[in-house]
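*Asks:* Attaching a single structure in structure tokens format; questions to follow.
The values are calculated or read from the model by the stated rules, or taken from the named source; none is laboratory data. Please read all numbers here as calculations on a predicted model, not as lab measurements. So basically every Cβ, Gly included, is an ideal-geometry build from the backbone, and we count neighbours across all protein chains shown.
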Amino acid sequence: MDGMREWVERNMPLTRLQADALPRLEGVRLACSIHLEPKVAPALEAMIGRGAVVFLTTCNPATVRDETVERLRARGAQAHAWTGMGDEDAADADGRALAWGPTHLWETGARLSARAAATGSAVPPVAASMESTGSGITVLTRLAAEGRFPPWPVFDCDSVPLKEGLHNRYLVGQTLWQAFTERTRLSLHRKRVLVAGYGLVGQGVALSARALGGEVSVAERDPARAVSARYEGFPTGPLEELVGRADVIVTATGARGVLGEDLLARCADGCILVNVGHTADEIDVAALGTVRTLIPFVEEARVNGKTVYLFAGGSMANLTAGQGDTLNSFDITMATMLAGLRFVFSAEARAHAPGLHPLPRAAWEEVARQAAV
């Protein structure tokens, strides 16, 4: 076992407990559209070891780690993903994953489900799937409203308290600013930080930024969330009014086009643009025009006669420019997802009607008990 693999597994004991509890999985063909980085490898290796056949593609080309893909290929997984693959290659990978004939899906972002809905092509029968992100749940909710939901049950892992309340609320913000400081060599002292979006991820980003010395304000369209931000002591206002006063802008909404051409033109000279939402196009990178790389993960652009800087290419910054969650904290998240997949593989899951369903408490409660010890 190489050193990194050993270190990852040693520091993810809850994931190992859930891996050991997996049943035999012969007959399971699992297509995965996820972040392909070292912390997911133990779970995937465990499922392969139990007899599952796995096809790997990615929800975000910027977060693929080629060494992880090769490690999983060596264990027998099929894969069509590599670091920085283009949009056409990523779309082709989605098509390959569906054409491969999966019995189950594990998604972070609902790319495969959306592809199946958009193409209207015949999709091999999928028994059940699991979605692990708020962005993906938003996509699936929209598909349901449009009457285009995939013909299988999808289970919502993102809303599980162990995922939503820990990873989303605490770890994303912490690891974002760790990556930001490491890559830019800047602290947040004397920096005016604007956080767009005050869901659980935005809350963690804002509170972590304030703890690290930033002067933080929040732009949030939802009035209830805006009230929550004000009660936390953050000035709030429309994004249109706040962008021109910020030194650092962080998008944390999971929606597309949050910072479009008009808002980018209003940014202050020297502003740094950061995205931590799952969707890679929260910032309209094309509207920045020609960019020049200054240092790794920091690019310079001229917009409306001013200089702005793009961090991590506008992709999910904590996992593109950094390593994402720490091993011991992500251990709870990964164990929860693996427990969720164990349920998704069950006859009980297959018996559910097509549509979006909460992941039953019984599926993940054991992980909570283990983590509480």
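Yes/no matrix, rows are residues, columns are (1) over 17 Å from VAL193 (Cβ atoms); (2) of a type outside the set (A, V, I, L, M); (3) in contact with a Phe, Trp or Tyr (Cβ under 7 Å, 6 or more places away or on another chain):
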{"residue": "LEU239", "(1), (2), (3)": "no, no, no"}
{"residue": "THR251", "(1), (2), (3)": "no, yes, no"}
{"residue": "GLY257", "(1), (2), (3)": "yes, yes, no"}
{"residue": "GLY260", "(1), (2), (3)": "yes, yes, no"}
{"residue": "CYS267", "(1), (2), (3)": "no, yes, no"}
{"residue": "LEU273", "(1), (2), (3)": "no, no, yes"}
{"residue": "GLY277", "(1), (2), (3)": "no, yes, no"}
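*Asks:* So, one more: Residue check: is THR181 surrounded by fewer than 19 Cβ atoms within 10 Å (Cβ to Cβ) and out of contact with any Pro (no Cβ under 8 Å at 6 or more places or on another chain)?
*Replies:* yes
*Asks:* Looking at the range 252-293 only, could you name the residues that are assigned to a strand (DSSP E or B) and among the polar types (S, T, N, Q)?
*Replies:* ASN275, THR293
*Asks:* In addition: Of all residues being buried (at least 16 other Cβ atoms within 10 Å of the Cβ) and without any contact (Cβ under 8 Å) to a residue 40 or more places away in the chain in the range 9-33, which is farthest from GLU107 (Cα to Cα)? Just the residue, please.
*Replies:* Restricting to residues being buried (at least 16 other Cβ atoms within 10 Å of the Cβ) and without any contact (Cβ under 8 Å) to a residue 40 or more places away in the chain, the top hit is GLU9.
*Asks:* So, one more: Among the residues of the range 321-373, how many are β-branched (Val, Ile, Thr) and within 17 Å of the chain's Cα centre (by Cα)?
*Replies:* Result for the range 321-373: 4.
*Asks:* Which of (1) part of a strand (DSSP E or B); (2) under 20 Å from MET12 (Cα atoms) is the odd one out, the single condition GLN370 does not satisfy?
*Replies:* Of (1) part of a strand (DSSP E or B); (2) under 20 Å from MET12 (Cα atoms), only one is false for GLN370: (1).
*Asks:* Here's a follow-up. What strands (runs of 3 or more DSSP E) lie completely within the range 150-221 and have 2 or more residues being not assigned by TED's automatic domain parsing to the domain that holds TRP364?
*Replies:* Working: elements: 153-156, 192-196, 215-219.
In the range 150-221, the matching strands (runs of 3 or more DSSP E) lie at 192-196, 215-219.
*Asks:* For LEU36, state whether it is part of a loop (DSSP other than H, G, I, E, B), surrounded by 13 or more Cβ atoms within 10 Å (Cβ to Cβ) and not β-branched (Val, Ile, Thr).
*Replies:* On the way: part of a loop (DSSP other than H, G, I, E, B): yes; surrounded by 13 or more Cβ atoms within 10 Å (Cβ to Cβ): yes; not β-branched (Val, Ile, Thr): yes.
In short, yes.
*Asks:* Does the range 329-338 contain any residue that is touching a strand residue (DSSP E or B) at 6+ places or on another chain (Cβ under 9 Å), crowded, with 22+ Cβ neighbours inside 10 Å and assigned by TED's automatic domain parsing to the domain that holds HIS35?
*Replies:* Yes, the conditions are met somewhere in the range 329-338.
*Asks:* For the range 276-323, give me each residue that is hydrophobic (A, V, I, L, M, F, W, C), in contact with a Gly (Cβ under 8 Å, 6 or more places away or on another chain) and farther than 29 Å from SER33 by Cβ.
*Replies:* Selection gives ALA301, VAL303, VAL308.
*Asks:* Looking at the range 230-251, which of the residues that are in contact with a helix residue (DSSP H, G or I) (Cβ under 7 Å, 6 or more places away or on another chain) and outside any loop (DSSP other than H, G, I, E, B) is surrounded by the most Cβ atoms within 10 Å (Cβ to Cβ)?
*Replies:* VAL250
*Asks:* Taking ALA41, is it touching a helix residue (DSSP H, G or I) at 6+ places or on another chain (Cβ under 7 Å), in the same structural domain as SER132 (by TED's automatic domain parsing), surrounded by 18 or more Cβ atoms within 10 Å (Cβ to Cβ) and touching a residue at least 40 places away in the same chain (Cβ under 8 Å)?
*Replies:* Values: touching a helix residue (DSSP H, G or I) at 6+ places or on another chain (Cβ under 7 Å): yes; in the same structural domain as SER132 (by TED's automatic domain parsing): yes; surrounded by 18 or more Cβ atoms within 10 Å (Cβ to Cβ): yes; touching a residue at least 40 places away in the same chain (Cβ under 8 Å): no.
Against the criterion (touching a helix residue (DSSP H, G or I) at 6+ places or on another chain (Cβ under 7 Å), in the same structural domain as SER132 (by TED's automatic domain parsing), surrounded by 18 or more Cβ atoms within 10 Å (Cβ to Cβ) and touching a residue at least 40 places away in the same chain (Cβ under 8 Å)), ALA41 does not qualify.
*Asks:* Any residue in the range 51-62 that's surrounded by fewer than 21 Cβ atoms within 10 Å (Cβ to Cβ): show its pairings with residues that are of a type in the set (S, T, N, Q) at Cβ separation under 8 Å, as long as the two are six or more apart or on different chains.
*Replies:* The qualifying pairs are VAL53/GLN78; ALA62/THR83; ALA62/SER315; ALA62/THR320.
*Asks:* Here's something else I'd like to know. Kindly establish whether LEU294 is surrounded by fewer than 16 Cβ atoms within 10 Å (Cβ to Cβ), hydrophobic (A, V, I, L, M, F, W, C) and farther than 30 Å from THR103 by Cβ.
*Replies:* Criteria met by LEU294.
Yes/no matrix, rows are residues, columns are (1) without any contact (Cβ under 8 Å) to a residue 24 or more places away in the chain; (2) in contact with a Ser or Thr (Cβ under 6 Å, 6 or more places away or on another chain); (3) within 22 Å of ALA110 (Cβ to Cβ):
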position: GLU282; (1), (2), (3): no, yes, yes
position: ALA286; (1), (2), (3): yes, no, no
position: ARG302; (1), (2), (3): yes, no, no
position: ASN318; (1), (2), (3): no, yes, yes
position: THR326; (1), (2), (3): no, no, no
position: PHE330; (1), (2), (3): no, no, yes
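*Asks:* So, one more: For GLU70, are the conditions met, namely being modelled with pLDDT of 95 or more, surrounded by fewer than 14 Cβ atoms within 10 Å (Cβ to Cβ) and not hydrophobic (A, V, I, L, M, F, W, C)?
*Replies:* Working: modelled with pLDDT of 95 or more: yes; surrounded by fewer than 14 Cβ atoms within 10 Å (Cβ to Cβ): yes; not hydrophobic (A, V, I, L, M, F, W, C): yes.
Yes, satisfied.
*Asks:* Please work out which one of (1) at pLDDT 95 or above; (2) out of contact with any Pro (no Cβ under 7 Å at 6 or more places or on another chain); (3) not in a strand (DSSP E or B) is the condition GLU300 fails and give its number.
*Replies:* Unmet for GLU300, out of (1) at pLDDT 95 or above; (2) out of contact with any Pro (no Cβ under 7 Å at 6 or more places or on another chain); (3) not in a strand (DSSP E or B): (3).
*Asks:* Given ALA93, ALA117, which one is touching a His at 6+ places or on another chain (Cβ under 6 Å) and within 22 Å of ARG256 (Cα to Cα)?
*Replies:* ALA93
*Asks:* Please go through the range 252-267 and give me each residue that is over 13 Å from ARG221 (Cβ atoms) and surrounded by fewer than 18 Cβ atoms within 10 Å (Cβ to Cβ), ordered by number.
*Replies:* ARG256, GLY257, GLY260, GLU261, ASP262, ALA265, listed by residue number.
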